[in-house]
Structure formats: C-alpha cells, structure tokens
1. Scan S44, S72 and give me the residue that is under 22 Å from I342 (Cβ atoms), in a strand (DSSP E or B), at pLDDT 95 or above and not aliphatic (A, V, I, L, M).
2. So which residues in the range 264-295 are among the hydroxyl-bearing types (S, T, Y) and part of a loop (DSSP other than H, G, I, E, B)?
3. Could you list all residues from the range 149-160 that are assigned to a loop (DSSP other than H, G, I, E, B), surrounded by fewer than 22 Cβ atoms within 10 Å (Cβ to Cβ) and either in contact with a strand residue (DSSP E or B) (Cβ under 8 Å, 6 or more places away or on another chain) or in contact (Cβ under 8 Å) with a residue 60 or more places away in the chain (or both)?
4. For F91, state whether it is among the aromatic types (F, W, Y) and either modelled with pLDDT under 95 or assigned to a strand (DSSP E or B) (or both).
5. Can you find a residue in the range 176-197 that is without any contact (Cβ under 8 Å) to a residue 40 or more places away in the chain, buried (at least 19 other Cβ atoms within 10 Å of the Cβ) and out of contact with any helix residue (DSSP H, G or I) (no Cβ under 8 Å at 6 or more places or on another chain)?
6. Could you say which residue among S143, S138 is under 21 Å from S72 (Cα atoms) and not in a helix (DSSP H, G or I)?
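The values are calculated or read from the model by the stated rules, or taken from the named source; none is laboratory data. As the structure is a computational prediction, the values presented were derived from the model and not from experiment. Positions of Cβ are generated from backbone atoms using ideal geometry, with glycine treated the same way; all protein chains shown enter the neighbour counts.
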Amino acid sequence: MTNKALALLMMAFASTPTVADDNWVDTAAMEAKINKGDYGTVTSLLVIKGGKTIYEGYFNGADAATLHNTRSATKTITSMAVGAAVDDGLFTVNTPAAGFFTDIAPFKNPDPRKLEVSVEDLLTMSSILECDDNDMFSRGNESRMHNVEDWSSFFWDLPIRGYPSWIDPPSRAKYGRAFFYCSAGTEIVGQTVERAAKEPFHTYVERKLFEPLGITDFKWQFNAVGDAHKSGGLALTSLGLAKFAEMQRLGGLYDGKRVLSEDWTQEAVKPRAVAYADRDIEYGYQWWLAPYEVAGERFDSHYMAGNGGNRILVMPSHELVVVVTKTDFNTRGMHQKTDALINDEIIARLTR
C-alpha cells in the first residue's frame, strides 16, 4: 500500500464515529440531522462519560487531526493559566493587576480605582473599566482592540464605566458584580501571568498545561507585537479540548498527575456574576455556568464557549464531558443550535 493510500485510509477511519455505550448505538438519526445542518455546521462531536469515550464523530470535512479554532473557548484556558500561576504563588486573585504594568503607566483617563482592579475582576468580566464586546459603541470593544498594536495600553487607557439608572451597578447586582463581556480584560489577565512568571504566556501554558495533558497538536494566534492571543484563536483538536474539560472534571488531575490544584478547579466554577439572567446563565472564572434538565431534575454544568457555536461542557453529576466544534462564526442562532444539539441528542440520552 502506498503512503498516500495509507493516509487516506487513516483519514477515513478517523472520520468514522466511535460508539461505546448502549445509549449511543443508534446514532443514525442524530448524524443525519448533523449532516443536514439542523444543528449548524458541526465539525466534531465528542462525548466522554466517566473518562470513557462513548461517542466520537467528525463532520463537514473534519477528522481527529483537525485543529479547531474555537475562538473564545481560549478564555477558559487562559483562566487555567491564571490558576497555575496562583498555584505557583505568583499572585492571588485579589492582587491588583495594574501593579504588573508600571512600565506603561501613567494610564490615560487616570483614576485611582484603576489601580484597584484585581485579577478576579478581570477573570469575572466585572472590572470598572468601560469594556463591552456586546456593545459596538463601547470604547473597549474587542474589534477596536484588534485594530491597535498595544493591547495592554488599550485596556488600561479606557475610561471608568458609568452606571446610569437603567443599569444595575455592582452594589445592586447579585454577587456584587456587574458583568460586561470584555475580551480585552482576558488579554490583560493573561499578560499578568506572563509578567509575573517572566515568561511568554504561550510557553508558560505549554509547560504548565499542555505538557502534563499530553497535548502536542495546537496552533496559537499572535497579535501585532508577537504576543499570544489569550482571549481567542487557539486551535486544538477535539481530543485536546476534551482533555482540559476532563482535567477540570477530575479536580485538576489528568492521567493520575496533578495539573491544577483541586482548590482552583472548585473556585473557578463557583458563580461570581450573572451573565444573562433571562437564560439562567452565570459566570465563574472564565467558565460559563448553566443548568440542564435531566428526567425533570436540574443539574449544574460549566462550559467553555466560543463564537461559531463552539462548546466544551462538563456536567459533574453525570461524569460527562461534551465537545462540540462548529464553524458558524458570527451567525444568528449559532449558540442556540448548539444548545439544541446538546439537549436533544445528549441530555435526552441521559434519561434512558
């Protein structure tokens, strides 16, 4: 057999769904819906229960070797890097982040409250700087950040957020934090790791997270000055993404090795702010927190999410990890279709 023929055979094998659970024997209807596009442009679906892969399927030209750009799912990996730095004693979540950026001070729009913005404020998207990716008019909108060279100064030069009467200030908000989705803040908390560790962020992550997880296939994106993109763009295989979720599920352990402390993994998924009250979604340390209903009973889950409808979910009560990768970037209903896939095809099987 020629090398080309062998490669094609391996690709075909990798694209064949792996099924190893009675509830996942009959998947033809689900796969027909995925191929039809009912759940959007799904490129992979990986379901792991109790550490055992019970379903693995690839679609729309993807296979097991595909590196998926899951956009803002990278934010959760950045928060894990923060956890590693906290475990290393480099700082705490209460440490003011501005102290690591004295080389670019003084900041524009000076205000002493900027100097009090903590690592936790950045992790929970609740700092007092005016930054909101969901508001195209926000001075801190990520599109504006991407257009400039110095992302550090971009964030610290932002003005202080105002709270008009129709917006609840932190004093009236649940958990005492007002949530505004801010990618620039994630960049800063990742840069805090880099500056505290005196090591490029991407090499710190590779050493502290990738190596113990056995992740060798990945691709970073870098900004104009060569800094790794910390709030989006890191490309990983579906299995690589699952390893992060499985490590979180196991309280910081993977393959019997300690990657993050159990304390950090527990603290990371405690609710710290209300993200979207109308959808019952809260926020931890760059983890989204939302319940699912199984046989009439509600169970907590936490997940990484990114533009396109990408989702890496952990449901501890069922020892469940789910990876959904998609490419429906900037399209209406991308996340809702992922919810439908998880509810109709995965949560429904838990009730059998």
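1. Numbers: S72 fails: in a strand (DSSP E or B).
Among S44, S72, only S44 is under 22 Å from I342 (Cβ atoms), in a strand (DSSP E or B), at pLDDT 95 or above and not aliphatic (A, V, I, L, M).
2. Pass one, the range 264-295, residues among the hydroxyl-bearing types (S, T, Y): 265, 276, 283, 285, 292.
Once the filter is applied, which keeps residues that are among the hydroxyl-bearing types (S, T, Y) and part of a loop (DSSP other than H, G, I, E, B), the range 264-295 yields only Y285.
3. Across the range 149-160, the qualifying residues are E149, D150, P159.
4. For F91, the condition - among the aromatic types (F, W, Y) and either modelled with pLDDT under 95 or assigned to a strand (DSSP E or B) (or both) - is not met.
5. no
6. S138
Residues are listed down the side, and each one gets a yes or a no for (1) hydroxyl-bearing (S, T, Y); (2) in contact (Cβ under 8 Å) with a residue 60 or more places away in the chain:
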position: D227; (1), (2): no, yes
position: G233; (1), (2): no, yes
position: S261; (1), (2): yes, yes
position: A273; (1), (2): no, yes
position: D280; (1), (2): no, no
position: Y285; (1), (2): yes, yes
position: L289; (1), (2): no, no
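Residue-by-condition table, conditions (1) over 23 Å from R71 (Cα atoms); (2) at pLDDT below 95; (3) surrounded by fewer than 20 Cβ atoms within 10 Å (Cβ to Cβ); (4) touching a Pro at 6+ places or on another chain (Cβ under 7 Å):
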site	(1), (2), (3), (4)
L241	no, no, no, no
A245	no, no, no, no
D263	yes, no, yes, no
A290	no, no, yes, no
N310	no, no, no, no
V314	no, no, no, no
T331	no, no, yes, no
K337	no, no, no, no
L350	yes, yes, yes, no
